[in-house]
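Student: Below you'll find the structure I mean.
Read-outs: derived from the displayed coordinates by stated rules, not from any lab. Since the structure is predicted, the reported quantities are computational estimates derived from the model, not experimental observations. Here the Cβ is made from the backbone with ideal geometry for all residues, glycine too, and neighbour counts use every protein chain on show.
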Amino acid sequence: MTALLEIQGLYLGMQSFDGEAHVLNGIDLTINCGEVWGVVGETGCGKSLTGLSVSRLVPTPPARYRGGRILFEGQDVLALPEGELRKLRGRRIGMIFQDPTTNLNPSFRIGDQLVDVALAAARHSADILGPKPTRAAARDLAARMLDKVGIPNAASRLDDYPHQFSGGMRQRVLIAMALIGRPSLLIADEPTTALDVSVQAQVLALLKGMVAETGMAVMLITHNLGVVAQSCTHVAVMYAGNIVESGRVAQVIRRPTHPYTKALLAAIPTRQVMRGALQGLAGSVPDLLSPPPGCRFAPRCAHARAECAVLPEAVAVEDGHRVACVLAHA
């Protein structure tokens, strides 16, 4: 069976005044229908750029794809003309952006923005608004989606402007906008960061319900390992442009193998940790203008050895659980 999404050996450079930063360094990731993949790692590790690359939303230049393929339903996204990409974006591939302030047009009412997205998606799929889509039907769908994501009095809020919504409510509008086209793949970039705990739980439950109902897949980009444990089926741990460990959530969280994954899990506060005893990770993320050769985590790793000067290939330590580390080769 063909995977919904296959990222194969993806390399991405980002040009700056100081040179080209090697921000993605051979990303390999396969996502099937019905799977929810959490992508975790420190700020700047390439999580968001990986997600944006799937819809080819990274501006080129200053970015430059240096190698690899992104196969969505068998088509190489990096080779598609812009017209074909527009048919994928918002319909087959949905995107929840990280910052709702910059991704909602302040000049247009919330309802108009949702209606336009619904009508655009309906042009490519009759199951969204029926064979003869109308603005009235799209407006009704928009109100239902706002209600699903927890906007009170949803129908009456369609005529409001973005500035009349709180930050958390604007985030929920973006979630409704991404789901309104019933995408096959949803890329959610920190979708719950601006939400309080109760609304976060509601949104995560909504995403899980949509996966169960439609069979869509989700790439959930987050810093929160608790969200990953609660909502994801699989997890990919990224460090400085590399996926260092991946697999089912239970495998990676219960039996972490890569030293970086272990360090992330050790940094999670628990009730048993005494004040001041929380473990941190020494050092800092490498400069991607001149990254270290081989394993990029080696300068911070207590287990580093001479073999780390060559980037280790990811190997299976158990079925579906892959690790890119010399420790996994032993």
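Student: For the chain, list the DSSP H helices whose alpha carbon atoms reach 24 Å or more along the long axis and whose average Kyte-Doolittle value is -0.5 or above?
Tutor: 197-214
Student: Using the Cα centre as the reference, give the magnitude of the dipole from point charges on the C-beta atoms of the chain (Lys, Arg: +1; Asp, Glu: -1; all else neutral), rounded to the nearest 20 debye.
Tutor: Rounded to the nearest 20 debye, it is 440 debye.
Student: What full-extension length gain, to one decimal in nm, is calculated for Cys33 and Ser16 as 0.36 nm per residue of separation minus the Cα-Cα distance?
Tutor: Contour length minus Cα-Cα distance gives 2.4 nm.
Student: Let me ask something else about it. Between Lys87 and Ala309, what is the label-point separation in nm under the 7 Å Cα-to-beta-carbon projection?
Tutor: 5.1 nm
Student: Pairs Lys87/Lys148; Lys87/Lys262; Lys87/Lys208: which are spaced more than 30 Å apart, C-alpha to C-alpha?
Tutor: Too far apart for the 30 Å limit: Lys87/Lys262.
Student: Can you tell me how much longer the chain between Ala316 and Glu42 gets when fully stretched, taken as 0.36 nm per residue apart minus their C-alpha distance, in nm with one decimal?
Tutor: Result: 96.3 nm gained on full extension.
Student: Can you give the % of DSSP beta bridges in the chain that are antiparallel, to the nearest 5?
Tutor: Rounded to the nearest five, the antiparallel share is 65 percent.
Student: Please compute the modelled spin-label separation between Thr60 and Ser290, points set 7 Å along Cα→Cβ, answer in nm with one decimal.
Tutor: 2.8 nm
Student: Now a separate question. Sort largest first and round to whole Å: the equivalent ellipsoid semi-axes of region 172-330, each the square root of five times a Cα gyration tensor eigenvalue.
Tutor: 31, 19, 16
Student: Compare the peptides 42-52, 231-241 by average per-residue count of other Cβ atoms within 10 angstrom and give them in order, highest first.
Tutor: The packing order, highest mean first, is 231-241, 42-52.
Student: Additional query: No partner Cβ under 4.7 angstrom, meaning no disulfide-compatible partner by this rule: which Cys of the chain qualify?
Tutor: For the chain, the answer is Cys33, Cys45, Cys232, Cys301, Cys325, because their Cβ atoms have no other cysteine Cβ under 4.7 Å.
Student: Is region 98-182 best put as rounded, prolate or oblate by its Cα gyration tensor, with a ≥ b ≥ c the root eigenvalues, rounded for a/c under 1.5, and otherwise prolate when a/b is larger than b/c, oblate when not?
Tutor: In terms of gyration-tensor shape, prolate.
Student: What dipole magnitude, in Debye to the nearest 20, does region 98-182 give about its Cα centre under +1 on Lys/Arg Cβ and -1 on Asp/Glu Cβ?
Tutor: I would put it at about 160 debye.
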